[in-house]
Amino acid sequence: MKIFEYFCRQNQIVKLLYVNLIEMQEISYKELKFNPFNLIGGEWMLITAGDKHSCNTMTASWGHLGCLWGNNDPSAVIYIRKSRYTKEFVDKEPYFTLCVMDKSFKKQMAYLGSTSGRDEDKIAKAGLTPVYADNTVYFQEAKLVLICKKVYAAEIQQSGIIYQETIGQSYPQGDYHTMYVGKIEKVLVRDDEYLR
């Protein structure tokens, strides 16, 4: 763990120098260009919620992006198990964020997905800098941030799962995820990687 913490501190110094040089800019969701399957399933994302007093984050590789309700509102769908500490924050707060990090953060992303914020300050140990804005929290080091207003939450029901092998593969202990739908209210990008 000491080597990981050292790596994170050294990486944070380099990243902060880079991050401070390039500011985030707000764009319309219509300006985005990326493959959502690569973005969520391949690059992963951090689901984060909280306020300036406390927050938590977790790594996720399951989710959806699309349009839903209203005027085909841009929406993000995330899934969180009951056992995750981040769920308490997402349940309590009206907003959550999805942060996509640079590939150099892969070790930190794995750590953030396997360690509970109940047990330690994993955000600090991962070398991330929380930014409190727009009624929520995201990370200064992110290269893409989706700020989402929570509009729906429901637990996945066993009765709704059509293929029973899904239960054995994903829910052998019956620990079904809660599904959250968030209306994407703001999109922030660091560079033009995700722009048309």
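The values are calculated or read from the model by the stated rules, or taken from the named source; none is laboratory data. Everything quoted here is computed from the prediction, not taken from an experiment. A quick note on method: Cβ atoms are made from the backbone with ideal geometry, for glycine too, and the neighbour counts reach across all protein chains shown. Just the protein is used for accessible areas: all its heavy atoms, side chains included, with ligands, DNA and RNA removed. Shrake-Rupley method; radii C 1.70, N 1.55, O 1.52, S 1.80 Å.
Of all residues in segment 30-66, none satisfies the criterion of being surrounded by fewer than 16 Cβ atoms within 10 Å (Cβ to Cβ), touching a Leu at 6+ places or on another chain (Cβ under 6 Å) and at pLDDT 95 or above. Taking the listed residues Lys150, Lys125, the one that is open to solvent by 40 Å² or more (accessible area, probe 1.4 Å) and either closer than 19 Å to Met101 by Cα or among the β-branched types (Val, Ile, Thr) (or both) is Lys125, with no other qualifying.
Yes or no, residue by residue, for (1) of a type outside the set (D, E, K, R); (2) open to solvent by less than 40 Å² (accessible area, probe 1.4 Å):
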residue: Val145; (1), (2): yes, yes
residue: Tyr163; (1), (2): yes, no
residue: Gln173; (1), (2): yes, no
residue: Tyr180; (1), (2): yes, yes
residue: Lys183; (1), (2): no, no
residue: Val187; (1), (2): yes, yes
residue: Leu195; (1), (2): yes, yes
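Of the helices (runs of 4 or more DSSP H) lying entirely inside segment 98-196, those carrying at least 1 residues that are among the small types (Gly, Ala, Ser) and farther than 28 Å from Gln25 by Cβ are 106-114, 164-170.
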